[in-house]
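Computed from the coordinates by the stated procedures, all read-outs in this text should not be read as laboratory data. No experiment lies behind these values; they were computed from the predicted model shown. Backbone-built Cβ (ideal geometry, glycine too); neighbour counts: all protein chains shown.
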Amino acid sequence: MHHLPFAIDRSAPAPLTEQISAGLRNAIRERRLAPGARLPSWQDLATQLGVARGTVRQAYEVLRDEQLIATAGAAGTFVAAQPAPAARSGASHGGAPLAQAFPGRGETATIFRAAIPAQDAFPFKTWSRIMGRAARRAASTALGYPDPRGEIELRAEIAAYLCLARGMDCAADQVFVSNGYAGALNLALQALQLHGRQAWLEDPCHFVARDAIALAGMQALAVPVDAEGLLVADGMRLAPHAALALVTPGQQAPLGVTMSLARRLALLEWAAQSRAWIIEDDYLGELQLQARAAPALASLDRDGRVLHIGTFSKTLNPALRVGYLVAPPELAPRLLQTVAISYPAPAPAVQLAVAEFMRSGLFLRHLRHMKRLYAERRQALGRALDALGEQHVAAGLSVLLKLPDGMRDTDAVRKAQAEGMVPSALSGWFAQPGKAPQGLLLGVTNVPEQRAGEYCARLLKRLA
């Protein structure tokens, strides 16, 4: 514990022992000191605070008597296990606290969780070997500051892949490796400097996009989506002078529709005439299950108005925290200036591993395998719901389940979680959740074909 979670005041009437025990007590109960956290020894804490060792020992004894800490002899003193804190009200997305939207790597519930790769199909052994080689390479490299844009090996592989698979004409110098989607999006917004301007956002869209726009000081305008994607005409009517449009043209998040060519051309024409920017979030764009992935919107851009964002979160592993931003050539110098001081790339070892995975051909092979697997699992889930007489539609890597009249999807999510299942509420993706359509998004990636019927039956029994 290098930074103490409390301070002492020698001028206060309360004895130092009480101040120390109270400070640690509050830190433990507020989870600033987590269960299992090791506390400094009496001597170390006394030195940090500038007090006698006996003063700290008495404070520890008080906390031990209250069963807030436990001693393990020579192994040290640790924060004891505590009851879970009471739920607090707070910002909610899809009917769940914000923290629940990021369950952490220790979370074991994967049934119906959306946009998480299949746990049973990732090549863990191969990836472990590649990571080991990459870590050794990174460790043996001469000391120095890495390129804030990312390792040139990975940027070159990404540029080549985008040319081959997404129809884009870009060079490594236009590619900026980021800490996932959020890192790339915030890098783009900071570089564009559109504070106070208006932005088109798809309605529905992911809350991260909506929150990032707000944090950038922009006014978000919710633009409806239909079977052809963003209604560009509606955007021009609502905010003709908007400075930005943030879209998911490959597979709309979360509905899964692909933006039509006519809409793409209309959006590009609006951006060119208005000197506006387009951020293309290639959400699941390369995991289209019914056909070959549509070319990226950026592949049609002739005026340098599209910033393309992609990640390896859905194709490999979200814990890698590796994404990328591809900037128009004229904008790349501004991005370089921004990334150098604000959003440097992830650790070189992880980047080198991803680069080798791509260079060896394993990435494209893995992608083809995942597309076949996910298509089979989505079909199996659809058949299971058909057999149970439930209305549903395909939605990217999810199936959208219609709920009985009068049932709120946020309530349905809570009931499903009690059964160890983690679907998401459709309403949480809309700008006005209280007025939004109701439905459950059932992720298909971790629903094996042979268990689809069982999982659906369990879910519907819980919702009945």
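Numerical summary
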quantity: Simple label model, 7 Å out from Cα along Cβ direction - A142 to E330, nm; calculated: 3.8 nm
quantity: Karplus-derived 3J(HN,Hα), 6.51/-1.76/1.60, for each residue of segment 15-23, Hz, glycine and proline x; calculated: x, 4, 4, 5, 5, 5, 5, 5, x
quantity: Euclidean distance of C-alpha centroids, segment 217-282 and segment 432-456, integer Å; calculated: 27 Å
quantity: Cα long-axis angle, helix 332-341 against the chain (0 to 90 degrees, to the nearest 10); calculated: 10 degrees
quantity: Cα gyration tensor category, rounded, prolate or oblate, for segment 343-383 with a/c compared to 1.5; calculated: oblate
quantity: Per-residue Cβ neighbour rank within 10 angstrom, fewest leading, Y324, Y374; calculated: Y374, Y324
quantity: Burial ranking of peptide ranges 39-51, 244-256, 299-311, 447-459 (average Cβ count within 10 Å, highest at the top); calculated: 244-256, 299-311, 447-459, 39-51
quantity: Residue-averaged [θ]222 nm for the chain, counting only DSSP H segments that reach four residues, each worth -39500 (n - 2.57); calculated: -12000 deg cm²/dmol
quantity: Highest to lowest packing among 134-140, 347-353, scored as the average C-beta count within 10 Å; calculated: 347-353, 134-140
quantity: Among beta bridges that DSSP assigns inside segment 124-360, antiparallel share in %, nearest 5; calculated: 35 percent
quantity: Rounded tilt (10° steps) of 348-359 against the dominant C-alpha axis of the chain; calculated: 30 degrees
quantity: Antiparallel content of DSSP bridges confined to the chain, in %, to 5; calculated: 60 percent
